[in-house]
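Everything below concerns the one structure shown next.
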Amino acid sequence: MDMVKAKYFLAVAEAGTVTAAAARLGITQPALSRQLRRFEKELDLQLFVRAGSSLVLSDAAHALIPTCRRLLAESARAGQAVEALRAGSIPALRVAATPTTISTLLAPFIEAAGQTIPLLTTTPVTHYDVFDALEGSADVVIATIPPGNDVASLALGTIPVRAWVPPTHPMALECAGSTSVEVRRLLQEKVALPSRRSVSRGVVDSFVGTAGCALGSHAECDDTATLSALARSGRAVALMTELQPPRLVGFDVVDGERALAGVPLVAAWSPGHYAGEEIAQIAHRFRSFIAVSYTHLTLPTSDLV
């Protein structure tokens, strides 16, 4: 399969039209159309069908998209491997994770590690699309859901969901000297927490329901910076997995002897990745960073799987 033509095909599939894809690729629309016809002839498949005045992807084209993405990713990694062998080191790696994981964990880790690790860049993805990124440009993913058996992985620990308020907040004054707050006391306040698209929200909803309570007055937001701002402004108690938001104090949420669970994290990468050993070392360092950063972190008992 011609990788250039595969790239052009994917550009059309993602842009929606040949015209938009041509503009994105920086080539003319007629030139792109010729390449697509040659690609169809090469594969002996009809990739586009006419619907009125427009061309749409055929069923065969839709089925071909994952294969093309995987082949292009493997081709890119092969080029990176050659560059790394020439340089004698791993110059850069790309990490895919949710926006929350990137802002609250990966960015602080990258800053703390400095030049002792390869240059790490990040790609935001949703919780349930994270492993698909391994078939794209990502070298490693940080996920909140269990990986399959077809990848190498390292459990990173369980990130606690805590309640955050300013030190002058009535709840903080009442709980002075304690590291926890009862869920019934918490729910007397307006809370701000992630939407139901978030894994941490599922953890909160399950805990509150099992305690026989309901959320009551609350606001939803999937941006941790905004949740922190709402807490600092006194508008709501923030429930989130932030490391240590500035000017806020955190409390574990409990129901008697039972504590609100956290969000499990795992690093995963392709087992045949050219930088597999380096990725594993970075994953171990990331796990140690998390453990030090979270006082109440539950460390995993398993290692590489």
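The values are calculated or read from the model by the stated rules, or taken from the named source; none is laboratory data. These numbers come from a predicted model, not from an experiment. Methodologically, a virtual Cβ is constructed for each residue, glycine included, from the backbone with ideal geometry; neighbour enumeration extends over all protein chains shown. The area values use the complete protein model at the heavy-atom level, side chains included, leaving out ligands, DNA and RNA. Shrake-Rupley method; radii C 1.70, N 1.55, O 1.52, S 1.80 Å.
Would you confirm whether or not segment 80-91 contains a residue that is closer than 30 Å to VAL4 by Cβ, at pLDDT 80 or above and open to solvent by 40 Å² or more (accessible area, probe 1.4 Å)? No, segment 80-91 has no match at all. Annotation: of all residues in segment 257-295 being acidic (Asp, Glu) and free of Cβ contacts under 8 Å to residues at least 12 places away in the same chain, the one that is nearest to ILE145 (Cα to Cα) is GLU277.
Sub-6 Å Cβ pairs linking a first residue in segment 220-237 that is within 17 Å of ARG201 (Cβ to Cβ) to a second residue that is in a helix (DSSP H, G or I), at least 6 apart or interchain, are CYS221/LEU227; THR224/THR100; THR224/SER103; THR224/THR104; ALA236/LEU230, ordered by first then second residue. Exactly one residue out of VAL204, VAL191 is under 14 Å from GLY262 (Cβ atoms) and within 29 Å of the chain's Cα centre (by Cα): that is VAL204. Counting only residues that are open to solvent by less than 40 Å² (accessible area, probe 1.4 Å), hydrophobic (A, V, I, L, M, F, W, C) and not in a helix (DSSP H, G or I), segment 158-179 holds 6 of them.
The condition (being closer than 17 Å to ALA283 by Cβ and either of a type outside the set (A, V, I, L, M, F, W, C) or part of a loop (DSSP other than H, G, I, E, B) (or both)) is satisfied by just one residue among ALA155, ALA138: ALA138.
Yes/no matrix, rows are residues, columns are (1) at pLDDT below 95; (2) under 15 Å from the mean Cα position of the chain (by Cα); (3) surrounded by 19 or more Cβ atoms within 10 Å (Cβ to Cβ):
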| site | (1), (2), (3) |
| --- | --- |
| LEU119 | yes, no, no |
| GLU135 | yes, yes, no |
| THR144 | yes, yes, yes |
| GLY148 | yes, no, no |
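Considering (1) open to solvent by 70 Å² or more (accessible area, probe 1.4 Å); (2) farther than 30 Å from GLN281 by Cβ; (3) among the small types (Gly, Ala, Ser), say which one GLY216 fails and leave the rest. Checking GLY216 against (1) open to solvent by 70 Å² or more (accessible area, probe 1.4 Å); (2) farther than 30 Å from GLN281 by Cβ; (3) among the small types (Gly, Ala, Ser), the one that fails is (1). Against the list (1) more than 21 Å from the chain's Cα centre (by Cα); (2) touching a residue at least 24 places away in the same chain (Cβ under 8 Å); (3) in a helix (DSSP H, G or I), the condition ARG185 fails is (2).
Every listed requirement among (1) part of a loop (DSSP other than H, G, I, E, B); (2) out of contact with any strand residue (DSSP E or B) (no Cβ under 9 Å at 6 or more places or on another chain) is met by SER206 save one, (1).
Taking every residue in segment 2-17 that is within 8 Å of CYS68 (Cβ to Cβ) and open to solvent by 30 Å² or more (accessible area, probe 1.4 Å) and pairing it with any residue that is part of a loop (DSSP other than H, G, I, E, B) and of a type in the set (Ser, Thr, Tyr), at least 6 positions away or on another chain, yields no pair with a Cβ-Cβ distance below 8 Å. Regarding ALA60, is this residue assigned to a helix (DSSP H, G or I), farther than 18 Å from ASP132 by Cα and open to solvent by less than 30 Å² (accessible area, probe 1.4 Å)? Judged against the criteria, ALA60 is not a match.
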